[in-house]
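Participant: My structure is below; once you've seen it, I'll send some questions.
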Amino acid sequence: CPTPADLRPPNGTRVCAQLYADNSPYYDQCCAGDVLVVPPGSDAPFMPRGWSARASSLVVGTKCDLTVWSRRGKKGNSRRFGS
């Protein structure tokens, strides 16, 4: 997995988090498959099409927090992730 400080695409813009679709029991193979990029200041009450219950790994960038909810529309239990 990339380090939180590595979450910068080649064009230099900042990325707050990346969610990954593939999982593995081996840590070095966890962050694989499709990637969902979360830009700074994002506020999405719903996961994009095809991502519901699909994210298996995530990395949160420095100076960012990612809050997720167990139910759609920001309902249910929440959990906050940081770098």
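The values are calculated or read from the model by the stated rules, or taken from the named source; none is laboratory data. Just so you know, these numbers come straight off a predicted model, no measurement behind them. A quick note on method: Cβ atoms are made from the backbone with ideal geometry, for glycine too, and the neighbour counts reach across all protein chains shown. Accessible surface is based on the protein model in full, side chains and every heavy atom, while ligands, DNA and RNA are left aside. Shrake-Rupley method; radii C 1.70, N 1.55, O 1.52, S 1.80 Å.
Participant: State the number of residues belonging to segment 52-62 that are open to solvent by 60 Å² or more (accessible area, probe 1.4 Å), more than 23 Å from T13 (Cβ to Cβ) and not hydrophobic (A, V, I, L, M, F, W, C).
Facilitator: 2
Participant: Under the condition of being in contact with a strand residue (DSSP E or B) (Cβ under 7 Å, 6 or more places away or on another chain) and among the aliphatic types (A, V, I, L, M), which residue from segment 49-83 is farthest from V37 (Cα to Cα)?
Facilitator: This residue is V68.
Participant: A follow-up question, please. In segment 7-51, which residue that is acidic (D, E) and open to solvent by 90 Å² or more (accessible area, probe 1.4 Å) is farthest from the chain's Cα centre (by Cα)?
Facilitator: So, considering only residues that are acidic (D, E) and open to solvent by 90 Å² or more (accessible area, probe 1.4 Å), the one farthest from the chain's Cα centre (by Cα) is D28.
Participant: May I pose another question? Please determine, by comparing only the residues of segment 8-21 that are at pLDDT 85 or above and either among the charged types (D, E, K, R) or assigned to a loop (DSSP other than H, G, I, E, B) (or both), which one is farthest from G61 (Cα to Cα).
Facilitator: V15
Participant: Also: Go through segment 22-62 and give me each residue that's of a type in the set (G, A, S) and either assigned to a loop (DSSP other than H, G, I, E, B) or over 16 Å from C1 (Cα atoms) (or both).
Facilitator: Residues satisfying the conditions are S24, G41, S42, A44, G50, S52, A53, A55, S56, G61.
Participant: Condition (residue is of a type outside the set (D, E, K, R), outside any strand (DSSP E or B) and open to solvent by 70 Å² or more (accessible area, probe 1.4 Å)) applied to segment 63-77: is it met by at least one residue?
Facilitator: So far as segment 63-77 goes, no, none of its residues is of a type outside the set (D, E, K, R), outside any strand (DSSP E or B) and open to solvent by 70 Å² or more (accessible area, probe 1.4 Å).
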